[in-house]
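Novice: Below: one structure in structure tokens.
The values are calculated or read from the model by the stated rules, or taken from the named source; none is laboratory data. Given the structure is predicted, the values throughout are model-derived calculations rather than measurements. Methodologically, a virtual Cβ is constructed for each residue, glycine included, from the backbone with ideal geometry; neighbour enumeration extends over all protein chains shown.
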Amino acid sequence: MTAAADSSDMAPDPAPHTVTATAPSTAGAAGLPPARALHLIVNGQAHALQVEPWVTLLDLLRHKLDLTGTKKGCDHGQCGACTVLVEGRRINACLTLAVMHEGSAVTTVEGLANGERLHALQQAFIDCDALQCGYCTPGQLCSALGLIGEGQARTPDDVRELMSGNLCRCGAYPQILEAVTTVMFGPQAAPPRQHAA
């Protein structure tokens, strides 16, 4: 299954859902910029929002759209737990303001499966035991899907290097690499697991 095939399954919902990302406030009176209109397509569903210009994409997804799969790890763009896809490109949602993505298509981990059918990467993570606590898994999955779409990885070493911005505190890197390379190149290309003696 390719990233292009998955994104075609997520046609925008023709009726946007309106969400206000601000509480009634005196933002303008306090000298702060007022909320701005923002239109996003998140996991194939259109949203019309009012958002303060300082709200990050991560906070909008988690706190306003209740998509809590995307995690806040370091909040400095150093761990990759908040990785999502914007127009198919992987980004750290904690480092980008939501208003910068007017009209963009955003994919979070909640948008990877097709109904009850898991995305091939999700199934590979399960099959390869590529998670322990699971906190980094949503970011790892979105980063891997973006990596596949980029088409730059040709070897397991390329995958390892190009996913190095996604940290796993539990140390499941060998299994993550196995899962991603299995989907990208087939099971025969996955590096052998190193088992502790």
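Novice: Out of all the residues in segment 87-135, which are over 11 Å from the mean Cα position of the chain (by Cα), over 21 Å from Ala172 (Cβ atoms), in contact (Cβ under 8 Å) with a residue 60 or more places away in the chain and surrounded by fewer than 19 Cβ atoms within 10 Å (Cβ to Cβ)?
Specialist: Within segment 87-135, Glu102, Gly103, Ser104, Asn114 qualify.
Novice: If only one of Asp9, Asp59, Asp75 is modelled with pLDDT under 90 and either under 18 Å from the mean Cα position of the chain (by Cα) or among the acidic types (Asp, Glu) (or both), which one is it? Spell out the reasoning first.
Specialist: On the way: Asp59 fails: modelled with pLDDT under 90; Asp75 fails: modelled with pLDDT under 90.
After ruling out the rest, the residue left standing is Asp9.
Novice: Does any residue in segment 155-179 that is among the acidic types (Asp, Glu) come within less than 6 Å, Cβ to Cβ, of a residue that is assigned to a loop (DSSP other than H, G, I, E, B) and modelled with pLDDT of 95 or more six or more places away or on a different chain, and which pairs are these?
Specialist: Hits for this filter: Glu178/Cys128.
Novice: For segment 171-190, which positions are assigned to a loop (DSSP other than H, G, I, E, B) and surrounded by 15 or more Cβ atoms within 10 Å (Cβ to Cβ)?
Specialist: Hits for segment 171-190 are Ala172, Ala190.
Novice: Against the condition in contact with a strand residue (DSSP E or B) (Cβ under 6 Å, 6 or more places away or on another chain), farther than 21 Å from Gly134 by Cβ and not hydrophobic (A, V, I, L, M, F, W, C), how does Gln50 come out, does it pass?
Specialist: Spelling it out, Gln50 is indeed in contact with a strand residue (DSSP E or B) (Cβ under 6 Å, 6 or more places away or on another chain), farther than 21 Å from Gly134 by Cβ and not hydrophobic (A, V, I, L, M, F, W, C).
Novice: Please specify each residue of segment 100-116 satisfying the condition of being farther than 14 Å from Leu65 by Cα, out of contact with any Asp or Glu (no Cβ under 6 Å at 6 or more places or on another chain) and among the aliphatic types (A, V, I, L, M).
Specialist: Listed by number, the residues that qualify are Met100, Leu112, Ala113.
Novice: On to the next question. For segment 21-44, which positions are part of a loop (DSSP other than H, G, I, E, B) and either at pLDDT 95 or above or surrounded by 10 or more Cβ atoms within 10 Å (Cβ to Cβ) (or both)?
Specialist: Result: Ala21, Thr22, Ser25, Ala27, Gly28, Leu32, Pro33, Pro34, Ala35, Asn43, Gly44.
Novice: Any residue at all in segment 112-121 that's closer than 22 Å to Pro187 by Cβ, of a type outside the set (Phe, Trp, Tyr) and part of a helix (DSSP H, G or I)?
Specialist: yes
Novice: Checking Ile126 against (1) among the β-branched types (Val, Ile, Thr); (2) outside any helix (DSSP H, G or I); (3) not assigned by TED's automatic domain parsing to the domain that holds Thr68: exactly one of these is not met. Which one?
Specialist: The one condition Ile126 does not meet is (2).
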